[in-house]
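The values are calculated or read from the model by the stated rules, or taken from the named source; none is laboratory data. Computed from a predicted model, the values in this text were never measured in an experiment. Positions of Cβ are generated from backbone atoms using ideal geometry, with glycine treated the same way; all protein chains shown enter the neighbour counts. Heavy atoms of the whole protein, side chains included, go into the accessibility calculation; ligands, DNA and RNA do not. Shrake-Rupley method; radii C 1.70, N 1.55, O 1.52, S 1.80 Å.
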Amino acid sequence: NAGVTQTPKFRILKIGQSMTLQCTQDMNHNYMYWYRQDPGMGLKLIYYSVGAGITDKGEVPNGYNVSRSTTEDFPLRLELAAPSQTSVYFCASSDSNNEKLFFGSGTQLSVL
Amino acid sequence: KQEVTQIPAALSVPEGENLVLNCSFTDSAIYNLQWFRQDPGKGLTSLLLIQSSQREQTSGRLNASLDKSSGRSTLYIAASQPGDSATYLCAVRPMGTYKYIFGTGTRLKVLA
């Protein structure tokens, strides 16, 4: 089982560039989440989705966008990268019955 | 607003010692609480999930307890081993939401 797969693992962006962080899960989970983790800090929720076609903002959504066109995929879009978006990004998913959170291995993003 | 606190931020213990990690939350209206392990440069792995109606959960050498009225959870690790060295995070899901609010974690080092 692949679980939650994130790509890329590492990326360096210049200020003002845009990119999409990919997240795919093969467990047929209906809930999906995007978190960022800054050094020494806990995880902050960016966006989440409770099913295909449904997304909602978390604690720190500014500068990001998401879509959920299928159950499996939940990409995160950065439109105009800023140094403040330098962080490690984690995608997670869970099932409405079990609720145990499964995490991807993360994307380390640097904006210079 | 729900806030989750983990104290201490770091802990070193000799191998074989039993230890307790603490997690506090400000609002007792939670749906469940999860404990996670994070190894350096890796994603998070769910260790134990406690529903709001439960008092504790056990998995091997790990035991997690929940006291909603006092806003506290503890993770007990028996007979610690160097392989237990990692950061341990707790997260709560507030009632009426699908979000998880994370603590900043306790970095554990078990010395051989």
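Things worth noting here:
- As a ratio to 2.2 N^0.38 Å, the alpha-carbon radius of gyration computed for chain A takes the value 1.00.
- Accessible area buried, both sides summed, chains A and B with 1.4 Å probe, Å²: 1600
- Phi-based couplings in Hz for region A:35-47 (Karplus 6.51, -1.76, 1.60; Gly and Pro marked x): 10, 10, 10, 9, x, x, 10, x, 8, 10, 7, 9, 8
- Chain B: relative contact order in percent, alpha carbon pairs under 8 Å with at least 6 residues between: 37
- Counting only protein heavy atoms and a 1.4 Å probe, the protein assembly as shown has 47 square angstrom of accessible area per residue.
- Within 10 Å of the Cβ of each residue in A:42-49, the mean number of Cβ atoms contributed by other protein chains is 4.
- For region A:18-32, backbone phi angles converted through the Karplus equation (6.51, -1.76, 1.60; θ = phi - 60°) give residue-by-residue couplings of 10, 6, 10, 8, 9, 9, 9, 10, 10, 9, 6, 6, 8, 9, 9 Hz, Gly and Pro being listed as x.
- What the Cβ-Cβ distance of B:A79 and A:S84 gives, at R0 = 41 Å and to the nearest 0.05, is a FRET efficiency of 0.40.
- Euclidean distance between Cα centres, region B:19-54 to region A:47-68, Å: 23
- Proximal charge balance of A:Q17 [Cβ under 15 Å; K/R count +1, D/E count -1]: +2
- Of the solvent-accessible surface of region B:15-112, computed with a 1.4 Å probe and all protein chains present, 46% belongs to carbon and sulfur.
- Residue with peak Gaussian network fluctuation, chain B [Cα springs, cutoff 10 Å], from B:L33, B:L89, B:L11: B:L11
- Vicinal HN-Hα couplings computed from phi for region B:75-90 (Karplus, 6.51 cos²θ - 1.76 cosθ + 1.60; Hz; Gly/Pro x): 10, 9, 10, 8, 6, 4, 10, x, x, 7, 4, 4, 9, 10, 10, 10
- Cα-based shape type of chain B, given that a ≥ b ≥ c are square roots of the gyration tensor eigenvalues and the cut on a/c is 1.5: prolate
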